[in-house]
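First the structure, in the form of structure tokens, and then the observations on it.
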Amino acid sequence: MSTSESFENVLAEYTLSRSLALQWTAVSTMGFIAGLFGFVGVYYLATGDSTAFAFGIGSDAGWWNAGLSILAFLALVFGIIVPHELVHGLAMRLYGGRPRYSVGLAYFVFPYAYATAEDRFTRNQFLVITLAPLVVLTLLGTPVMVGLELPWLAVPLAANVGGAVGDVWMALTLLGYPSTVSVLDTRTGLAVYGRPEEAPSSSNPSPLRVVWDVLLGTGAAALAVLIVGIVVPLVLGVTGVGSIRLGIPNSPLFLFAYETSADGFAYSVGPLGLVVAPVVGLMYAFMRSRGRQQDSS
């Protein structure tokens, strides 16, 4: 430990609580959905390939085909974990760290993999380490997806966005501290070291908390939409409903549609569905901000 570090105190320790694990799950879901729409949108703009956001099952599709499709989808989602953590580790090595890798499950709610090190880094170094996978894999993967016309790469790239929720939370947390503090990764959280005067004021919370509240509200709404998207087709199929549409088809006001035919069923989501979640997120952040103001007054 250096002489400067010997005079530093532990300003704060952040750990992955059950509440935070639930928050990460909601925001991760939102990140995956938004990332999937975003990467497919980029692919469409670059190639003109009109890939639809629709899911369908035909009557002639055997159960093994559906099972293989699900396995392939899961392989794409979870396959990004290895390069994600390797990029974390490479960034740690860049600053002299010695990374270790492992996996875990927080409160049986949030599965995670991690790269950690026993070394302390400056705040700015840790920001680079924590955001490196999100930035590097996106910048490398997007041109490959478009250039080689591999639309399926949108799935692991979106999973990388969703999986970076903990990294984004750490970055937002650390931006509330001056660049002179140092940071130690604790596997399921982090510890911030510095002088007492470098601690953020509890009476004047960082505006970055509002950013997290927006992400949290948006993520919760996106998770609700995803659950509805899974449940609604099942319920409508059982009740014998042939088709249902909400919104104006082929317009920005289209919400979703469910249709059945002799070949099976199809369920699609329109642009309006992408607007609902951010609006809910902004409303949630506004209410949280008002609540904090009332508590501090």
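Scan the range 128-199 for GluC sites (Glu not before Pro) in coil per DSSP, keeping those whose Cβ has at most 16 other Cβ atoms within 10 Å, and list them by number.
Those that pass, being in a loop and sparsely packed, are E149.
Pop a pseudo-label 7 angstrom from the Cα along the beta-carbon direction at both T138 and V103 and give the gap in nm to one decimal.
The two pseudo-label positions are separated by 2.5 nm.
What FRET efficiency comes out for N250 versus L148 if R0 is 35 angstrom and r is the Cβ-Cβ distance? Round to the nearest 0.05.
0.70
Express in nm, to one decimal, how much length is gained between L175 and T239 on full extension, taking 0.36 nm for each residue of separation and deducting their alpha carbon distance.
In short, 17.9 nm is gained.
Over the Cα atoms, compute the radius of gyration (one decimal) and Dmax (the largest Cα-Cα distance, rounded to a whole number) for the range 113-229, in Å.
So, for the range 113-229, Rg and Dmax equal 17.1, 53 Å respectively.
Placing one identical point scatterer on every Cα of the range 8-200 and ignoring solvent, what is log10 I(q)/I(0) from the Debye formula at q = 0.14, 0.15, 0.16, 0.17 Å⁻¹?
Relative scattering, expressed as log10 I(q)/I(0), comes to -0.86, -0.95, -1.05, -1.14.
Quote to one decimal, in nm, the extra length available between A191 and V276 on full extension: 0.36 nm per residue of separation minus the C-alpha distance between them.
27.0 nm
FYI, it's all coordinate maths here, none of it is from the lab. Just so it is clear, the structure is predicted and the values come from calculations on it, not from any experiment. Note: ideal-geometry Cβ built from the backbone for every residue, glycine included; neighbour counts use all protein chains shown.
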